[in-house]
Amino acid sequence: MLSVHGTDSPTLAAPRSSPRFDTIMAGVSTWMVLGLYIDGWSHRHVALDTFFSPYHAIFYSGYLAFAVLILLTLAKGILAGLPFRQALPVGYGKSLLGLILHGAGGVVDMAWHQVFGFELSSEALVSPPHLMIFAGLTLIVSGPLRAAWLRPEQAALPSRRYWTPMLISLALLWSVLTFGTLILHPIVAPHAIKSRWVMYASFPGPALDMARTVSIGSFIVQSAITAGLLLLLIRRWQLPRLALTLVFTANAALLSLLDDQYWLILPSLCSGWATDWLLTRLQPCGRRPWTVRLVAATVPLVSTTGYFITLAATAGVGWSATMVTGAITLSAMTGLLISYMVFPPPTPTHRASEHGI
């Protein structure tokens with residue numbers, strides 16, 4: 001399953017994961033994230049009064065399966081004579097840390113429910129034990145992505161067996177991040193729907209302003225997450241065709257599960273396809289920063305525009321033209337600003353700075 005890559009020195013190096021190992025870890029991680037979303041669905045559809053529910057069982061059984069695999073791999077590396085810090089494949093050390101953090105969060109969560117009861121609505125997303133679980137889960141599911149990132153012989157992803165587990169890991173990482181920000185996601189909280197916004201319009205002035213702020217903020221937050229992950233990928237790889245179509249659609253499908261709003265998968269599918277098309281045509285890279293800026297601004301713009309078009313064609317849009325165009329514009333601006341963080345402008349050389357050039 002694993003091969004210890006040779007170095008020119010006789011000392012043992014940390015092993016590099018095989019495509020088979022990455023695929024297995026991506027599969028177990030999928031089990032966990034599906035369990036997370038099914039558990040999230042249960043909190044919104046089923047009245048729970050116990051920690052020991054079948055929905056929790058799906059989630060935590062995935063955790064146990066991952067724990068068995070990673071600990072067996074760790075033991076195998078140690079028995080092969082590798083030191084503890086090098087016994088896991090490259091990229092999976094942080095997954096072990098995530099396992100510990102996730103497990104600690106689960107224990108604390110069980111005690112938390114006994115003392116404070118079960119959280120209601122947004123309380124579940126900011127509960128300290130749940131935040132520990134989310135942090136651990138991000139480290140766990142991103143293992144195959146880190147392994148691919150740190151594989152020096154892979155300047156690009158040459159075949160499906162390499163990029164499939166990496167893309168699954170990316171979709172899972174993105175889905176954990178979006179689950180942790182459900183209260184600020186337009187798919188899960190589609191405040192712009194006409195029937196819902198009519199109800200909000202009856203609120204007193206300050207409450208209505210707060211609803212507007214939260215609604216616009218959801219597009220800003222999700223645009224930042226989308227642009228940040230996308231630009232990291234661009235910085236490292238030239239992705240295969242339809243890669244992001246699959247990733248965008250998988251994430252939207254999981255989010256739509258929570259409130260059975262499957263019609264909102266369509267705009268994500270279309271924006272994923274548009275992103276793949278744009279990457280193929282522009283081939284963005286750091287040597288041509290304008291291509292990076294254009295992609296970073298265009299992808300959130302297309303995604304948000306497609307969202308409102310789908311809403312208009314189905315449930316109806318309750319927002320004013322100012323709110324709609326403002327959300328689209330702010331989404332594009334957010335992506336553009338994120339591009340300056342991932343691909344910062346070049347700085348002058350020390351010598352040029354000394355001469356004031």
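The values are calculated or read from the model by the stated rules, or taken from the named source; none is laboratory data. Computed from a predicted model, the values in this text were never measured in an experiment. Quick reminder, even Gly has a Cβ in these numbers, built from the backbone with ideal geometry, and neighbours come from all protein chains shown.
Just for the stretch 257-271: of the residues that are crowded, with 19+ Cβ neighbours inside 10 Å and more than 17 Å from SER331 (Cβ to Cβ), which one is modelled with the highest pLDDT? Lay out the reasoning, then the answer.
Quick first cut of the stretch 257-271, residues crowded, with 19+ Cβ neighbours inside 10 Å only: 258, 264-265, 267-268, 270-271.
Still in the list and also more than 17 Å from SER331 (Cβ to Cβ): 258, 265.
On the way: LEU258: 85, ILE265: 90.
Here the answer is ILE265.
Show me the helices (runs of 4 or more DSSP H) entirely contained within the stretch 178-290 in which 3 or more residues are without any contact (Cβ under 8 Å) to a residue 24 or more places away in the chain and not β-branched (Val, Ile, Thr).
In the stretch 178-290, 205-236, 265-282 are the helices (runs of 4 or more DSSP H) which contain 3 or more residues that are without any contact (Cβ under 8 Å) to a residue 24 or more places away in the chain and not β-branched (Val, Ile, Thr).
Among the residues of the stretch 45-63, is there at least one that is closer than 24 Å to SER169 by Cβ and either at pLDDT 90 or above or charged (D, E, K, R) (or both)?
No - not one qualifying residue is present in the stretch 45-63.
Quick check, is PRO186 at pLDDT 80 or above and in contact with a Lys or Arg (Cβ under 9 Å, 6 or more places away or on another chain)?
The answer is no for PRO186.
Tell me, yes or no, whether the stretch 292-308 has at least one residue that is over 16 Å from THR226 (Cα atoms) and assigned to a helix (DSSP H, G or I).
Yes, the stretch 292-308 contains a residue that is over 16 Å from THR226 (Cα atoms) and assigned to a helix (DSSP H, G or I).
Please verify whether VAL176 is outside the structural domain of LEU301 (by TED's automatic domain parsing), modelled with pLDDT of 80 or more, aliphatic (A, V, I, L, M) and under 30 Å from THR325 (Cα atoms), treating the condition exactly as stated.
It is true that VAL176 is outside the structural domain of LEU301 (by TED's automatic domain parsing), modelled with pLDDT of 80 or more, aliphatic (A, V, I, L, M) and under 30 Å from THR325 (Cα atoms).
I'd like to verify a number: residues in the stretch 310-339 that are part of a helix (DSSP H, G or I) and within 15 Å of PHE219 (Cα to Cα), how many?
If we filter the stretch 310-339 for residues that are part of a helix (DSSP H, G or I), which is where we start, we get 310-313, 321-339.
Subset that is within 15 Å of PHE219 (Cα to Cα): 311, 322-338.
Going through the stretch 310-339 one residue at a time, the tally reaches 18.
When you scan the stretch 225-240, do you find a residue that is of a type in the set (D, E, K, R) and in the same structural domain as THR310 (by TED's automatic domain parsing), even just one?
Yes, the stretch 225-240 contains at least one residue that is of a type in the set (D, E, K, R) and in the same structural domain as THR310 (by TED's automatic domain parsing).
Please list, ordered by first then second residue, the pairs with beta carbon atoms under 6 Å, 6 or more apart or interchain, first in the stretch 38-64 and of a type in the set (Ser, Thr, Tyr), second surrounded by 15 or more Cβ atoms within 10 Å (Cβ to Cβ) and modelled with pLDDT under 70.
SER42/TYR55
Of the residues ALA312, ALA274, only one is at pLDDT below 95, over 22 Å from the mean Cα position of the chain (by Cα) and closer than 23 Å to THR245 by Cα; which?
ALA312
Taking the condition modelled with pLDDT under 90 and among the basic types (Lys, Arg), does ARG151 pass?
Yes; evaluated as a whole, the condition is true for this residue.
Under 26 Å from LEU184 (Cα atoms), part of a helix (DSSP H, G or I) and not assigned by TED's automatic domain parsing to the domain that holds THR30: which single residue out of ILE58, ILE168 fits that description?
Selected residue: ILE168, the only one of ILE58, ILE168 that is under 26 Å from LEU184 (Cα atoms), part of a helix (DSSP H, G or I) and not assigned by TED's automatic domain parsing to the domain that holds THR30.
Can you tell me which residues in the stretch 293-317 are in contact (Cβ under 8 Å) with a residue 60 or more places away in the chain and either in contact with a Cys (Cβ under 7 Å, 6 or more places away or on another chain) or closer than 26 Å to VAL198 by Cα (or both)?
If the condition is that a residue be in contact (Cβ under 8 Å) with a residue 60 or more places away in the chain and either in contact with a Cys (Cβ under 7 Å, 6 or more places away or on another chain) or closer than 26 Å to VAL198 by Cα (or both), then SER303, THR304, TYR307, PHE308, LEU311, ALA315, GLY316, VAL317 are the ones that fit.
How about the stretch 75-143: which helices (runs of 4 or more DSSP H) wholly inside it have at least 3 residues that are surrounded by 15 or more Cβ atoms within 10 Å (Cβ to Cβ), within 18 Å of the chain's Cα centre (by Cα) and in the same structural domain as TYR63 (by TED's automatic domain parsing)?
Of the helices (runs of 4 or more DSSP H) lying wholly inside the stretch 75-143, those with at least 3 residues that are surrounded by 15 or more Cβ atoms within 10 Å (Cβ to Cβ), within 18 Å of the chain's Cα centre (by Cα) and in the same structural domain as TYR63 (by TED's automatic domain parsing) span 93-116, 128-141.
Cβ-Cβ below 7 Å, separation at least six or inter-chain, first residue in the stretch 78-92 and more than 15 Å from LEU145 (Cα to Cα), second exposed (fewer than 12 other Cβ atoms within 10 Å of the Cβ) and not basic (Lys, Arg): which pairs?
Final answer for the pair search is ILE78/PHE84.
Which of the residues belonging to the stretch 180-212 are closer than 19 Å to LEU337 by Cβ and β-branched (Val, Ile, Thr)? Give the steps one after another, and end with the answer.
Initial filter on the stretch 180-212 (closer than 19 Å to LEU337 by Cβ): 181, 184.
Across the stretch 180-212, the qualifying residue is only THR181.
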